[in-house]
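**Q** Quick one: the structure is below, and I'll ask about it shortly.
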């Protein structure tokens, strides 16, 4: 175009490289468009909440979750030590940051995936059958949130143990039969198991020595589904 017009020189500017330039591709309409900003979803002044008491290796604490009108979590409060202590201040600051993330619509599932299975002290056995062993306080808190607000598939994915439904008969140990009637010849003899030993697959399972995950029964010993280690099985 410069050759056709017969101009003596051409200057090429990268858009915005100078304060003043002959041509600017940004229109007035573009310049006046407002910038997109995240919108905070605030909880009402009165909202339903749930408080949960937990214990990890003897260290007790409380989790309080405030919820929106639709039942989704919008804030959390953590109490683990006396007011004014270092751990109390850290828990307050962490709970505030998670509360702001929830109110700015960060998915709860993303937070659970990020913070569950973190490993640090205190860690150990808990009094919650759905989370029998916690790798840390953060691990317990977010797996407990998963047990309350995520579906069954997501709960299982982060290691929440499914609870046995009330009224569902528990399995018997191998070799024991439930009470019933056994037919012998033309008659019937009532066969009653003298003693039943119900058990749950992971209730007495230890933690894996390699990765710390909860092991499951594998024959006469235990196996870790997380790293494949065993407690002595071949």
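**Q** Only one of (1) closer than 16 Å to residue 147 by Cα; (2) outside the structural domain of residue 138 (by TED's automatic domain parsing) fails for residue 71. Which number is that?
**A** For residue 71, the failing item is (2).
Residue by residue, here is whether (1) modelled with pLDDT of 95 or more; (2) farther than 21 Å from residue 141 by Cβ; (3) in a strand (DSSP E or B) holds:
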site	(1), (2), (3)
30	no, yes, no
34	no, yes, no
41	no, yes, no
46	no, yes, no
54	no, no, yes
61	no, no, yes
71	no, no, no
81	no, no, no
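**Q** Could you tell me whether any residue of the stretch 84-96 is farther than 14 Å from residue 49 by Cβ, part of a helix (DSSP H, G or I) and in contact with a strand residue (DSSP E or B) (Cβ under 6 Å, 6 or more places away or on another chain)?
**A** Yes; the residues of the stretch 84-96 include at least one that is farther than 14 Å from residue 49 by Cβ, part of a helix (DSSP H, G or I) and in contact with a strand residue (DSSP E or B) (Cβ under 6 Å, 6 or more places away or on another chain).
The values are calculated or read from the model by the stated rules, or taken from the named source; none is laboratory data. Owing to the predicted nature of the structure, the values given are computational and were not obtained by experimental measurement. Quick reminder, even Gly has a Cβ in these numbers, built from the backbone with ideal geometry, and neighbours come from all protein chains shown.
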